[in-house]
Each structure stands twice: as C-alpha cells, then as structure tokens.
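Peer 1: This structure is in structure tokens; I'll ask about it shortly.
The values are calculated or read from the model by the stated rules, or taken from the named source; none is laboratory data. On a predicted model such as this, the values are computed, not experimentally measured, just so you know. Here the Cβ positions follow ideal geometry from the backbone for every residue, glycine too, while neighbour counts run over all protein chains shown. Ligands, DNA and RNA are excluded from the accessible area calculation, which covers all protein heavy atoms including side chains. Shrake-Rupley method; radii C 1.70, N 1.55, O 1.52, S 1.80 Å.
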Amino acid sequence: MISVKKDFTVIPAALDTAERTALITLSLTEKNKHDFKSKVYRDGTLKALEELYHHKCGYCETDTTAGAPMQVEHYRPKAKITKETTHEGYYWVAYEWSNLLLSCAKCNNKKRNHFPITGTRVVTPSLNASGLPDDDHRLANSTVFQQEQALLLHPEIDVVEDFFIFKPDGKIEALNANPRALKTIEICGLNRDELVVKRLKVLNELLDAIQLELKDLATGTIKADEARHGIKRIFQKLFLLQKADNQYSRFGYFMYTKFDKFFTERIPSDLQRDAVKKLFQLFLKNQL
C-alpha cells in the first residue's frame, strides 16, 4: 500500500449528478435493500481513481491494466457487514467519493464486506437541511467515522507507509505488530502466494542482472568499466522502482533502502559481495 492524496471536497463531474443525489435519497429509505447502481458509483469515478492510484490496486499495488479491469471498491461496505448480525451496512455512503477506492478483483474479493472496528459503529446517518447525510456522516475522514477506529487502513486517510515493512522473501509484515496493519494484511490477503511471487520476480530479476554482470566480468567476457556501467544501470532501475507510478513501488523502496538485506547478503562470493556493497555505496554518493 501507498498513501494517495484525494480531495474529498472535489467530486468528479461524472459522479456529481442529479441521478446520484436521487439514489442517495432513495438509499436512505431502502437501506441495504437498495439496488446499488454501479453505473453511477463505478462509471462516475473509475477514470479519476485510476489516475489518482496510477492504475494500481489501492491495497496490493498490482497494475492490472493489461488484464482484468480495476474495480471501484467501497471502503465501508454498502451492504450488510460480515460477522455483524444487526448492522445494515453503510448504504448511505455507497455513492460517496471519499468511500470509493480503486482495487484489483483479488483484493476486492478478499475484502468484500469485512469492516472490523474497535470503536463504536455508526448505525444511521444524521441528515442536513437538504435531507442528505451531513458531512460528519458522509466524509470518510470525519470525526464521527474516525471514532469507529476502523482496523482496515484507508490509503487516502492513513499514512500507510508507517504501518508496514517488506522482507527479502517478498512478504509484507506489520511494523511493530500493529493491529491495523495485521488486520489489513489478513482482510486483503496481502501475502497471498501469487502476490508474493510477483514481488519476488521483481527482486530476482535485478539480482540475476547484477550476478550476470559479475559473472561476465569474472570470465573476461566484459571489462571492469563495462561491468561497472552495467551495474550502475541496474542500480538506476532499482532507484526508479520507488516511483509511485510503478507497480509494487513500496516494495521497491525497501529493496533500495535495505539494499544489503535484499541483494548483497544473497551473493554467495565474499569478494563479489564486498564489491557490490562498495559499488552501491558509490552509487548513493553519485560517484559510480
């Protein structure tokens, strides 16, 4: 996960319609029996969300633009909440901009209607003079909603980078066993096998490229200057992986900032390991 900046007060024009307002009003009476119109909340926000999220899932950072389309996910479930027998869901924020995130199908299917909290759950909204939910019961970052103490992290509100660390085995872990991070990993399946494999593929391709340069240098296939230049290009690629528009950019951040753990310590030769460590230090000083 990475933090995403969204202005909750500026609603996409495609979402800000009379039809949406009418559906919100209707949902207040029909509640979770309401026929939620994805053509309104999805079609009205998908393009804007894809731009905000760099076409990546807000939970796992997978870019699925070449495969299955992204989904518009309700942070607070619009229908009945899993493991809640009496709550009727957050039907009144089904079309609310601050409650809509971008998600891949796999994270969305994992999360579904799970929304555990440790505080007091909001049951019904207060209405404004127009008969619509007031800001305290509409905006995801309102004091009223924050008092629910949601365990699921919200990438547009929480500084999610402060909750997780990534390990060289491709897995994500909760920093200091933070309960919100632990629950988010569990709910969204952020350590599911195929996701860990995808992260490791990014890491292993870079490590293999470094080791190939070292092998070619050792066998005399290339000269020292060529190997140095080749490894520099690999380091540059690693640096760029941290950019928010790249898939698994947060994993890229840990690969870069914890270089020795992710790369150096996995090189079997002591001589080559020392050489790579020194080269990376030179790269950090812009001296490579």
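Peer 1: Which peptide among 68-74, 238-244 comes first, and what is the full order, when sorted by highest mean count of other Cβ atoms within 10 Å?
Peer 2: The peptides rank, most packed first, as 68-74, 238-244.
Peer 1: Averaged per residue, what accessible area in Å² does region 143-269 show with a 1.4 Å probe, protein chains only?
Peer 2: 51 Å²
Peer 1: So what is the 222 nm mean residue ellipticity for the chain from helices alone, if each DSSP H run of at least 4 adds -39500 (n - 2.57) and you divide by all residues, rounding to the nearest 500 deg cm²/dmol?
Peer 2: The per-residue figure over the chain is -12000 deg cm²/dmol.
Peer 1: First obtain the Kirkwood hydrodynamic radius of region 111-261 from its Cα pairs, then insert it into the Stokes-Einstein equation at 20 °C and 1.002 mPa s, and state the resulting D in µm² per second as a whole number.
Peer 2: After rounding, the answer is 115 µm²/s.
Peer 1: So what are the three principal axis dimensions of the chain from its Cα atoms, in whole Å, longest to shortest?
Peer 2: If we take the Cα atoms of the chain, the spans are 77, 36, 30 Å.
Peer 1: Cα-based Rg (one decimal) and Dmax (whole number) for region 224-288, in Å?
Peer 2: 12.0, 36
Peer 1: Ignoring ligands, DNA and RNA, please state the percent of accessible area on region 8-150 from carbon and sulfur, probe 1.4 Å.
Peer 2: So the carbon and sulfur contribution to the accessible surface is 51 percent.
Peer 1: Mind scanning LYS83/LYS201; LYS37/LYS110; LYS47/LYS243; LYS223/LYS243; LYS111/LYS277 and naming the pairs with a C-alpha gap bigger than 30 Å?
Peer 2: Checking Cα-Cα distances, LYS83/LYS201; LYS223/LYS243; LYS111/LYS277 exceed 30 Å.
Peer 1: Follow-up question, since we're still on this one. Can you tell me what percent of all Cα-Cα pairs in region 1-124 are more than 23 Å apart?
Peer 2: Of all Cα-Cα distances in region 1-124, 32 percent exceed 23 Å.
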